[in-house]
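Each reported figure results from applying straightforward, stated rules to the coordinates on display, with no laboratory input. Predicted model, so just to flag it, every value in this text is computed and none were measured. In this analysis, Cβ positions are derived from the backbone assuming ideal geometry, glycine residues included, and neighbour counts consider all displayed protein chains.
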Amino acid sequence: MALSLWISPDSQYGLPAPGEARTNAYQRAVEQALKQYLFKDQDAGAPTAAAPRYDDALRQFDAALTSPPSFGRDRQSAARLWQALLSSDTPPEHPEAAVHERIEGLFCLVLHSLCAALAKQALHQKSTDTSDEDENEGDTDEDNRPGVEYAETVRVLAEQLRRLAARWQRSQPEHERPENDDWNLVARLLLEPLLAAFNAQFVVRTLDQKRQIDGRPHTEKRIEIAQPELVQRIERLLET
């Protein structure tokens, strides 16, 4: 007598059935990856100068968001977007946590978006710079630091925020939905406290070049990686 057992593909490969995925599962996966690759020494497991404590940076980020910014009358849609992203009517999953899960999710999203923006420019620049080392012998270390334009980081983060708030946006009247400038404004307001929490790892440098955007003066800024070890950490994170 032969017995056979049929196992569904979902069970074979560990994929949850539709509608049964854990709440915030993706957020937790990103959180764990950030902790493993950016905040933990790969050998000894102890925090280093290039990998500060996750909880300390998260608390500083949370403290910076306690006072809501003033958007003014002409930015009401941006103010509603800010409130939708930061406020939550649902109780926290872990009431004993020092920071609400919603804020922690935004913290992970902003940091991950920064790493993604750096991957497009900083890490590519690193590979091209190695072939031109002889030509750049007179340059200082600061001139050769990998980095990304501030505006590009804002654009990447704004797109991630747009996806995060897609369901909320569909519930809004069409004439009240956020415009591109609103997404970019909220992205900058979230990026600034993150950069302040990692001011020893990421340096914001103002470039001399100025140009006009939509008829308004614009000063270009660049986010640079101040610690070479952090480049390898970001590479390992993005390979996950």
Restricting to DSSP loop positions (anything but H, G, I, E, B) with no more than 12 other Cβ atoms inside 10 Å of their own Cβ, which GluC sites (Glu not before Pro) remain in the stretch 141-202? E142, E179
Applying the Karplus parametrisation 6.51 cos²θ - 1.76 cosθ + 1.60 with θ = phi - 60° to the phi angles of the stretch 157-164, what ³J(HN,Hα) value in whole Hz is obtained for each residue in order, glycine and proline being reported as x? 5, 4, 5, 5, 5, 4, 5, 4
